[in-house]
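I have placed the structure first, in the form of structure tokens, so that the comments after it can refer back to it.
No value in this document is a laboratory result; all are computed from the given coordinates. Keep in mind it's a predicted model, so treat the numbers as computed, not measured. Note that we place each Cβ from the backbone using ideal geometry, even for glycine, and neighbour counts take in every protein chain shown.
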Amino acid sequence: MVKEGLTTPLFKIMEDRFKNWKYPKIVEGKLTKYNWLVQHKKNLKLGKKTDMGAFTYINAKNGVVIEDNVQIGSHCSVYSISTIDNKKGKVTLKKNCKIGSHSLIMPGVTIGENSIIGAFSFVNKDIPDNVIAVGIPAKVLRKIKK
Ligand SMILES: CC(C)(COP(=O)(O)OP(=O)(O)OC[C@H]1O[C@@H](n2cnc3c(N)ncnc32)[C@H](O)[C@@H]1OP(=O)(O)O)[C@@H](O)C(=O)NCCC(=O)NCCS
């Protein structure tokens, strides 16, 4: 695979993408215009310049905090309650973290600032700041160089 070089700095791309960012309209249990959905929306705290992909599902029954600049890929699930295994707890996605597509975040988990979760991960433990974590269950792959 050829990794193409960026001709525009990453921070510039982010700046341009979010120039006109507005707080999205969320209706309980309905797809937003970006095709993600939230249940128990009154318990969701959504930061600025957040970006969620299509078909991502958030169950905020026990609280979900998504801080500023968090990016979540498509087809992710963020559960503050999991009835299959009877787990519950607030989920916190700290600022600038990124969640790869098709990942599942379990109740009670905090994902640290700037950290990246690889696609198709199952996150059932806290992830520290500034790391890349991947897998089922998600484990730290490496630190992110600053
Ligand atoms: C996690 C991620 C950021 C790592 O990217 P990277 O730093 O370029 O890492 P590499 O591709 O060099 O992979 C490093 C190792 O981790 C493994 N790996 C990478 N992503 C993985 C994932 N999601 N799950 C499991 N293992 C993964 C690679 O196979 C490789 O293992 P090896 O050293 O044994 O060969 C990237 O693979 C990823 O998952 N990005 C999410 C993309 C996405 O969801 N995009 C859509 C939303 S915008």
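Overview of results
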{"read-out": "Distance between modelled label sites at ASP16 and LYS45, nm, 7 Å Cα→Cβ extension", "value": "3.4 nm"}
{"read-out": "Two-decimal Rg to Rh for region 4-146 - Kirkwood Rh, Cα set", "value": "0.96"}
{"read-out": "Cut-off under 5 Å, modelled amide H: who pairs with VAL78 long-range", "value": "TYR57, ILE58, ASN59, ILE105"}
{"read-out": "Reach of LYS25 by Cα under 24 Å, taken over lysines that are not fewer than 8 positions away in the same chain", "value": "LYS33, LYS41, LYS42, LYS45, LYS48, LYS49, LYS61, LYS90, LYS94, LYS95, LYS98"}
{"read-out": "Estimated vicinal HN-Hα couplings, Hz - region 40-47 in sequence order (Karplus 6.51, -1.76, 1.60; Gly, Pro = x)", "value": "6, 4, 5, 9, 9, 10, 10, x"}
